[in-house]
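A short write-up of the structure that comes next.
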Amino acid sequence: MKKYLLRIAIGLALVCFFLLHAAGLMDLRFIWQLELWSYDQRLHLTLPRGQNPRIVIIDIDEKSLAEVGRWPWSRNQVARMSGAVSSQCLLIESGQRRRLVLR
């Protein structure tokens, strides 16, 4: 029994550390890093490979702004442009970059 006492003590200490971490009373950074790594691996293994051909990203550049006019464009103008490619579209604006994502 004495030779197993050290193993039992180490096991109980680990269980206590994990329980304190799960309760939010103790922050174990390596567990957080392990969780983030495992999440990345799950996404990497389960996400589909390649691009979806149904999604098209159109980048609005300065030349387009000069031809069509100043941003924001009217809904009718966006509908005319998106009608040539698809009937469903999603407009994404990010800072200085604007994207019209057609689905």
> For Ile60, which sequence-distant residues (separation of 5 or more, or a different chain) have an amide H within less than 5 Å of its own amide H, given hydrogens modelled in the peptide plane?
Replying inline: Arg98, Leu100
>> Between Ile8 and Trp37, how high is the FRET efficiency from 1/(1 + (r/R0)^6) when r is the Cβ-Cβ distance and R₀ = 35 Å? Nearest 0.05.
In response: 0.75
>> Let's see if you can work this out: charge +1 on each Lys and Arg Cβ, -1 on each Asp and Glu Cβ, no other charges. What is the dipole magnitude of the stretch 2-46 about its Cα centre, in debye to the nearest 20?
In response: 380 debye
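Every number in this text was worked out from the coordinates using simple rules, so none of it is lab data. Since the structure is predicted, the reported quantities are computational estimates derived from the model, not experimental observations. Positions of Cβ are backbone-derived with ideal geometry, glycine not excepted, and every protein chain shown enters the neighbour counts.
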